[in-house]
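The values are calculated or read from the model by the stated rules, or taken from the named source; none is laboratory data. This one's a predicted model, so the numbers in the text were calculated from it and none came from an experiment. We place every Cβ from the backbone using ideal geometry, glycine too, and count neighbours over all the protein chains shown. The area values use the complete protein model at the heavy-atom level, side chains included, leaving out ligands, DNA and RNA. Shrake-Rupley method; radii C 1.70, N 1.55, O 1.52, S 1.80 Å.
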Amino acid sequence: MEMLLGTGFIFILAIVFLGIFLHFVPIGLWISALAADVHVGIFTLIGMRMRRVPPSKIVMPLIKANKAGLEVNVNQLEAHYLAGGNVDKVVDALIAAQRAQIVLPFERSAAIDLAGRDVLEAVQMSVNPKVIETPLVGAIAKNGIEVKVKARVTVRANIDRLVGGAGEPTIIARVGEGIVSTIGSSASHTNVIESPEEISNTVLSKGLDAGTAFEILSIDIADVDVGRNIGAQLQTDQAEADKRIAQAKAEERRAMAIAREQEMKAYTQEMEAKVVEAQAEVPHAMAEAFLNGKLGVMDYYNMMNVQADTEMRKAISNSGVKKSASGK
């Protein structure tokens, strides 16, 4: 009985040891590498496990590269994986570049991948150019008519400028700027409609792909539409603004006239009040003159006669004016 227990314990230990051994030593992957004539040491695979690098992520791309005739070693692939790169995509890009006879060293491919760009897509774009369609770009010709243009830009990836080069948004922005500049320099919108190829030639001649990760092959105008008459609208808006300014100035003048009229009324009322006040002082002055002996009774009667004569003359004059008016 004790012998059976000992044998079972040894068997369990053997199974555990074998599981640990197979975990750290991927025998199947090592055999696959040997069958593909790729020499990867068993201790190298164990070291990958220790460094927490999945051996399949390194060995399978290495087999693929070896079969394609690429000179790539384990250390390069493992270093790229540890740096956060996509080893499988880098190897695929190298194979695609070799088939297309594009010079692409492993270091440059790895740098492109670590820069965040899709290196395989870049190689494919070098072989098969990509068409980028710009949004509808609106610009105004010199005659004030708006022209809306949509363009298709054919680009090819530039492997040498993928690291540090600007992307598609820069191409679209520069092409849009070139379209606006070309339309804005046209004397009339009809010139743009009649010869849209002038936009393509002008924009293409400006070297818009400088500093980008692409090479512009062609710029084709896909659609040209006539928009609003911006010039007429601006003139209408200006006329409306001038009218409002004139109305505001007229209202200001009217307000000033009303204020001046109120001021004159106030001044007239003040003068009338002063006249009434002065007239009220006349009896007092006359009484004081009588008391002081400066005015006699005959002087007073003479003044009253003069005043009555003046009023009579004024009445006669007014009656003559009325008769002449009725006679007409």
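Numbers at a glance
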read-out	value
Charge tally in the Cβ shell below 12 Å around Thr44, where Lys, Arg are +1 and Asp, Glu are -1, Thr44 excluded	+1
Lysine pairs within the range 175-315, Cα separation less than 29 Å, 8 or more sequence positions apart or different chains	5
Axial C-alpha extent at least 30 Å, average Kyte-Doolittle at least -0.5 - helices from the chain (DSSP)	2-24
Å² per residue, accessible surface of the chain at 1.4 Å	65
Under 14 Å from the Cα of Lys89 - aspartates and glutamates, other chains or at least 8 residues apart	Glu78, Glu107, Asp113, Asp118, Glu121
Value of relative contact order over the range 85-217, rounded to a whole percent, pairs C-alpha under 8 Å and six or more apart	24
Around Asn143: net Lys/Arg minus Asp/Glu count, Cβ-Cβ under 15 Å	0
Sites Glu272 and Glu240 - FRET efficiency at Förster radius 51 Å, r taken between beta-carbons, to 0.05	0.60
Linear extension gain, Asn292 paired with Asn143, 0.36 nm per residue minus alpha-carbon span	44.2 nm
Peptide ranges 173-180, 218-225 listed from the most packed, as the mean C-beta count within 10 angstrom indicates	173-180, 218-225
Whole-number percent relative contact order across the range 76-124, with pairs defined as alpha carbons under 8 Å at least 6 apart	40
Rounded percent of accessible protein surface that carbon and sulfur make up, the chain, 1.4 Å probe	58
Residues Ser218 and Asp37, FRET efficiency given R0 of 56 Å [Cβ-Cβ distance, rounded to 0.05]	0.75
Unit charges at the beta carbon, dipole of the chain: most positive-side option, Val224, Val38, Val123	Val224
FRET efficiency, Asn305 to Met256 (Cβ-Cβ, R0 56 Å, nearest 0.05)	0.65
Which of Thr182, Thr44 is most accessible, then next, and so on - probe 1.4 Å	Thr44, Thr182
